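Take a look at the structure below.
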Amino acid sequence: QVQLVESGGGLVQAGGSPRLPCSALGRTFDAMGWFLQAPGKEREFVAAITESTTYADSMKGRFTISRDNTKNTVYLQMSDLKPEDTAVYYCAAGWVATHGPPSYGYWGQGTQVTVSS
């Protein structure tokens, strides 16, 4: 059974720099990515990685995606968090690193990140 398991969320103070890991269990994927969904809003692309990386323009500079293929794990390093970054962060996996959710066939359960001012 294929699963994506995220962790690392929680309550973070503004300016903090948490790292979110996501481990893929059951198979490997060419592309892994991160999306966020803020309350009352649609799911939004953050970043994705294959052999290269791609970011949403609004995320460049503060968020960094990386992967450790030996652990089948992708990471989202966040920095200088702001209250408006509060959202559920979802890990996704597929075969093409696009910015659109339909390209990813597998999703994690999401991890809540709440940024306090």
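The values are calculated or read from the model by the stated rules, or taken from the named source; none is laboratory data. Given the structure is predicted, the values throughout are model-derived calculations rather than measurements. Note that each Cβ is placed from the backbone with ideal geometry, even for glycine, and that neighbours are counted across all protein chains shown. With ligands, DNA and RNA removed, areas are computed over all heavy atoms of the protein, side chains included. Shrake-Rupley method; radii C 1.70, N 1.55, O 1.52, S 1.80 Å.
Taking the chain as a Gaussian network of alpha-carbon nodes connected by springs under 10 Å, the highest mean-square fluctuation of the residues Gly105, Gly15, Gly40 belongs to Gly40.
For the set Trp34, Trp95, Trp107, the ranking by accessible area, highest first and with no ligand, DNA or RNA atoms included, is Trp95, Trp107, Trp34 under a 1.4 Å probe. Ligands, DNA and RNA left out, the accessible area of the chain computed with a 1.4 Å probe is 47% carbon and sulfur.
Accessible area per residue was computed with a 1.4 Å probe on protein heavy atoms; Tyr90 scores about 40 Å².
The Rg/Rh ratio for the chain, using Cα coordinates for both the radius of gyration and the Kirkwood hydrodynamic radius, is 0.94.
Measuring only protein heavy atoms, the 1.4 Å probe finds Ser7 accessible over about 60 Å². Using a cut-off of 16 Å between alpha-carbon atoms, which aspartates and glutamates can reach Lys41, once sequence neighbours fewer than 8 places away in the same chain are excluded? Reachable aspartates and glutamates: Glu84, Asp85. Comparing mean-square fluctuations of Leu11, Leu36, Leu20 from a GNM of the chain with C-alpha springs under 10 Å, the top value falls on Leu11. For the options Ala93, Ala47, Ala38, a Gaussian network treatment of the chain with springs between C-alpha atoms closer than 10 Å singles out Ala38 as fluctuating the most. Between the listed residues Ser117, Gly40, Pro21, the Cα displaced farthest toward the positive end of the dipole of the chain, a dipole computed from Cβ unit charges relative to the Cα centre, is found at Pro21.
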